[in-house]
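These notes are about the structure you will find just below.
Readers should treat all values here as calculations from the given coordinates under stated rules, not as data from a laboratory. Predicted, not measured: the structure shown is a model, and the values here were computed from it. Backbone-built Cβ (ideal geometry, glycine too); neighbour counts: all protein chains shown.
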Amino acid sequence: MRAGISLRFLLAAVATTMAATLAACGGGEQASGGPVTIRYSLWESRQQPPYQKCANLFQKQNPGIRIQLEVTGWNDYWGALPRGFIGDTAPDVITDHLAKYPQFAQSEVIMPLNRFAERDGVRANIYQPGLAQLWQTPSGQRFGFPKDWDTVAIISNGGMLQKAGLSKQQLDNASWNPKDGGTFEKIAARLSVDKKGVRGDQPGFDPANVAVYGLGLDPGSLTYGQTTWAGFARSLGFELLDKNPWGRAYHYDDPRFMATIGWWRHMIEKGYMPPVSDARTLGQTAMFQGGKIAMAIDGDWTLATYTTTKGVKVGFSPQPRGPEGRWSLYNGLADSIWTGTKHPQEAWKWVKFLASPACQNIVGDSAVVFPAIPEATQRAVAAHKKNGVDVSAFTSYLKDKHTILFPITEQAPQINLMMQPTLEKILLGSEQPDVLKSVNDQVNNLLKYH
């Protein structure tokens, strides 16, 4: 759920009302004399066990505070938060996302952490490069300290590679360009099989009746292309924003981006990638697990899902090399405090702990996500290695300094409402890539006049 303009003003009004009560809120135990309860929300059930371990350690160190973890699915999570802000029922601390927090900050439903951090000497330079700056506004207000990070890679079905006469090494060394797709398109073609058993690189292949697509498609967030076009376009030298974070001009009209999105449509038309409707209905992960696609582009947050797929030997490869190398969008989460919390001091103690080595090392040992502190990242890498999983495809971008910081601007929900359907129409074939010239003007005018 992406809040609109009217909701933004309503949330701001609620936040203003709450601010009056915050001044009177202090630390310590509740009026009943029992421990203060801090509600903490997550959307990923796999992360609940390590964060429960963090909560147990925190509660041992802070016996006057109890942490109550609340886990809901992605869609329900973002649908419930605005209702909670308005109805005064939101969790004290929320797991926040870079695509969401600018609007929350503008609506004043999450609080700046500067005064807490300055008082307690919490530093923002202990995290992986670039992550902390994304959580600070142009005015210097900070709304989160990084808790983890993610990149994307090519997930492959080893059995399908072998049956097609391909090796993982070929995929690891694949190249790409928007003109002929490079060796990566050749691999996707070879892995595609129609319902008569003809492969995509053989005469007679029927793109209208495909049994197995060489490459999957995740159409859920085309605006920023995290699991689709972002790394490919950047390998051509493309930059989405004039600066990041808080840029004032998008470049969706750049010929390099139009060539990239045109190649994605070409892959669908060739039958090497599922149509948008099928991809949206079935879901990329389910199609991979069901043997409907041979490769997927997905993030490290899905590692456990793919590695536990029964009957499939899963491999992870970096995205194909373009003219300017291999690249991945670089995203990261943080924890934010609701302005309506009755216990801001206790909420801050929890947020500070979540951002510390004490908790992030626990999360790293769990091998569920890559924590934001480098030492904890290495613990996660070691835990995966112990489990027999090579995650170097995901970490290679950091080593090569080929990461693309997640785009941060104002008016993000409104921009998404313009770009997501436009890019879907291009992939569907009902619009040509050159429509991006006029839509990009609309996006930049929105930023210019707000």
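Below are the figures for this structure:
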quantity	calculated
Under 27 Å between alpha carbons - lysine pairs in the stretch 337-450 that sit 8 or more apart or on different chains	8
Per-residue ³J(HN,Hα) for the stretch 393-406, Karplus 6.51 cos²θ - 1.76 cosθ + 1.60, θ = phi - 60°, Hz, x for Gly and Pro	4, 7, 7, 4, 5, 5, 4, 8, 6, 10, 10, 10, 4, 4
Selected from Thr302, Thr285, Thr339 as most flexible by GNM, with the chain as the system and alpha-carbon contacts under 10 Å	Thr302
Euclidean distance between Cα centres, the stretch 54-96 to the stretch 340-418, Å	18
Added length on full extension, which subtracts the Cα-Cα distance from 0.36 nm per residue, Tyr449 to Ala383	18.9 nm
Net length gained if the chain between Asn114 and Trp74 were fully extended (0.36 nm per residue, minus Cα distance)	11.6 nm
Rel. contact order, % - alpha carbon contacts under 8 angstrom, at least six apart, the stretch 299-450	21
CD proxy at 222 nm, helix term only [per DSSP H run n ≥ 4: -39500 (n - 2.57); per residue of the chain; nearest 500]	-12500 deg cm²/dmol
Efficiency of FRET from Cβ geometry, Ser45 and Arg123, R₀ 45 Å, rounded to 0.05	0.90
Full-stretch length increase - Glu269, Ser438 - with 0.36 nm per residue and alpha-carbon distance subtracted	58.4 nm
Zero-based 5 Å bins, Cα pair distances in the stretch 258-379, whole percents	2, 8, 12, 15, 15, 14, 11, 10, 7, 4, 1, 0
Percent of beta bridges antiparallel (DSSP, the chain, rounded to nearest 5)	60
Along each principal axis, Cα extent of the chain, largest first, Å	77, 52, 35
Contact order relative to length of the chain, as percent, for alpha carbon pairs under 8 angstrom and 6 or more apart	24
